[in-house]
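As structure tokens, the structure follows; a few thoughts come after it.
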Amino acid sequence: MSRLGWLHFVLALIGLGAGLFVTIVRKGTAVHRRAGWIYAVSLLGVNLTALLIYQLTGRFGPFHAAAIFSLLTLVAGVVPVRRREGRAWVRRHAYWMSGSYVGLVAAATAESLTRIPSTPFWWTVVAASGAVAGTGALIIGTRVRPAVARFERRAAPSPRPPARRGHAEAIRSGSPSIGRR
């Protein structure tokens, strides 16, 4: 494997680990943000190196198109976090980043399975990617919405407690417990 191939592989492993960690830790914490940036930078590197690898076909091919799509999902997941506009930024971030991670897992699964001797390459890529993407879509559909709702409940400002009356105001109002001994 070339140096570029090794760099691609190592960045993918970092992305897989950081992405898994991000899915497990409590959302919105400093640890979540730090691991998320590690994921984002490693995925950026994975996709940029993928765009430079031409050993399979010798020209631009379906994996290059997949890398561009992956970059778009990454950007779509990072931009809402940077802008924090509107009420739906958390939801957009969660869905796009989850989809980005599913794409990385699908690519890693397909790549791993094609290494099995006598495995039909294209059928394996399509079947593995489709199975992971389908499973990922089901998981995202059932798990992301409740996670976003939990985060939004935690992040929502709590109702402000009623203002306490000052000592002078309590005396003027004739409060029986103030000013009497």
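One residue is enough: does the range 70-78 have a residue meeting the conditions buried (at least 19 other Cβ atoms within 10 Å of the Cβ), among the aliphatic types (A, V, I, L, M) and either modelled with pLDDT of 95 or more or under 14 Å from Ser42 (Cβ atoms) (or both)?
yes
Checking the condition within 23 Å of Ile139 (Cβ to Cβ) and open to solvent by 50 Å² or more (accessible area, probe 1.4 Å), which residue from Glu111, Glu85 passes?
Glu111
Restricting to the range 18-35, what's the tally of residues that are within 11 Å of the chain's Cα centre (by Cα) and over 18 Å from Glu152 (Cα atoms)?
5
Consider only pairs whose beta carbons are under 7 Å apart and that are at least six residues apart or on different chains; among these, list those whose first residue lies in the range 1-26 and is modelled with pLDDT of 95 or more and whose second residue is open to solvent by 50 Å² or more (accessible area, probe 1.4 Å).
Hits for this filter: Ile14/Ile38; Ala18/Ile38.
Which ones in the range 23-50 are open to solvent by less than 40 Å² (accessible area, probe 1.4 Å), hydrophobic (A, V, I, L, M, F, W, C) and either closer than 17 Å to Val75 by Cβ or in contact with a Leu (Cβ under 8 Å, 6 or more places away or on another chain) (or both)?
Ala40, Leu43, Val46, Ala50
Look at Thr142 and say whether it is open to solvent by 60 Å² or more (accessible area, probe 1.4 Å), at pLDDT 90 or above and under 30 Å from Arg33 (Cα atoms).
In short, yes.
Looking at the range 157-174, is at least one residue among the polar types (S, T, N, Q), modelled with pLDDT under 90 and either open to solvent by 60 Å² or more (accessible area, probe 1.4 Å) or not in a helix (DSSP H, G or I) (or both)?
yes
The values are calculated or read from the model by the stated rules, or taken from the named source; none is laboratory data. Not measured: the values here are computed from a predicted model. Note that we place each Cβ from the backbone using ideal geometry, even for glycine, and neighbour counts take in every protein chain shown. Each accessible area value is taken on the protein alone, full model and side chains, heavy atoms only, with ligands, DNA and RNA left out. Shrake-Rupley method; radii C 1.70, N 1.55, O 1.52, S 1.80 Å.
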